[in-house]
Amino acid sequence: MDNFGWSIALVPGTPLIIGDTPDAHIQLQGAYGRAARIALQMDKSMMYSILSKYSGDYDTCVNDKIIQKSAKINNHDFISIGDFMAYYNRGKIYFDYGVIKTNGVDVRPESMSIQTTYPVFIRNTRIQVKMDETPIDILEPGTVPKKPELNLITTLFPPVFMMAMMMLLKGTMSGSSSSFMMFSVCSMGVGVLTSIFGIVNREKQYKKTCIERQDTYKLYIEKKRKEIENIRREELDCLNDQYYSTVQDISHIENFDTTLFDRIPTDHDFLEVYLGRGNVESLRQINYKKQEKL
């Protein structure tokens, strides 16, 4: 490893001295380590260590927080003294030889089992997806076709009545008049048949229009249903990309993944953590007109 590739194992009860004095185990040679004397000692329980600051012209920090006298050091903590930085984990500190030299301690080259150079990382620009909140409109079906007014009695009564009257008056008329009457009866019969065919045709056309209206709207609803399913799926994918599962979060922490640093305080989801799955309202609500009934 290019950085943090050397380690020193701490001995419980024996302090590791860091400073610019000749008796220091880690001797700081940079300008920012002047007059520094720091002790790092593992607790007898071997669960943590204590960092004690005795002197120093520059700040001593643990995880970028300045300490005044002492601080508890846990696994995965960073220690910085001037321009010297080390990483603590399981009773060992990891560092490089950039601005120091060691004295009287067992120093070993050791690389930590991680995915990337630990803990150095390159922050990538986070791609944030803006969720669409536009409502999904559902159109109403077309206008209901008007049912034709079909009344056989009122439609056929006049010509049928006239035919009956003609048949009754047939016996009182001469031969020429009788021929004219037969012609009139035939004409009225054609009119009756035409009226019947017209009624049947209008009824058939009305039913056809109703069926076409239903089929057209069913196709529209089916297409809209697939569109809504795709929108819901895309929204779920965006949420999964934005909020990592608990297993993923643990993996990111264990491997010190750069994903841990992809959010800044100005992000709307800063410090938001995935806790589990549940039902939430979709951002894109369905907009439809409710039917009004008395």
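Taken together, the values in this text are just the output of simple stated rules run on the coordinates, not laboratory data. Quick caveat, the model's predicted, so the values are computed rather than measured. Neighbour counts run over all protein chains shown; Cβ positions are idealised from the backbone, glycine included.
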Filter the trypsin sites (Lys or Arg not before Pro) in region 200-294 to those in DSSP coil with at most 12 other Cβ atoms within 10 Å of their Cβ, and list the result. Arg277, Lys289, Lys290, Lys293
Label points 7 Å out from Cα along the Cβ direction at Asp262 and Lys218: separation in nm? 4.6 nm
Debye, to nearest 20: dipole size of region 7-109, +1 on Lys, Arg Cβ, -1 on Asp, Glu Cβ: 280 debye
Using alpha carbon centers only, region 75-108 is separated from region 218-236 by a whole-angstrom value of 57 Å
Whole-Hz Karplus couplings 3J(HN,Hα) for region 251-262, θ = phi - 60° and coefficients 6.51, -1.76, 1.60, Gly and Pro as x, run 4, 4, 5, 4, 9, 6, 5, 5, 4, 4, 10, 8
Students often forget the sequence filter, so: which lysines lie under 21 Å Cα-Cα from Lys224 once same-chain residues fewer than 8 apart are removed? Lys289, Lys290
Among Tyr58, Ile93, Met46, which residue has its Cα positioned farthest towards the positive end of the charge dipole of region 42-96, with +1 placed on the Cβ of Lys and Arg, -1 on the Cβ of Asp and Glu, and the dipole taken about the Cα centre? Met46
For Ile253, what is the net charge nearby, where nearby means another residue's Cβ is under 15 Å from its Cβ and Lys, Arg count +1, Asp, Glu -1? -4
Which net charge results when you count Lys and Arg as +1 and Asp and Glu as -1 among the other residues whose beta-carbon is under 9 Å from that of Tyr58? -2
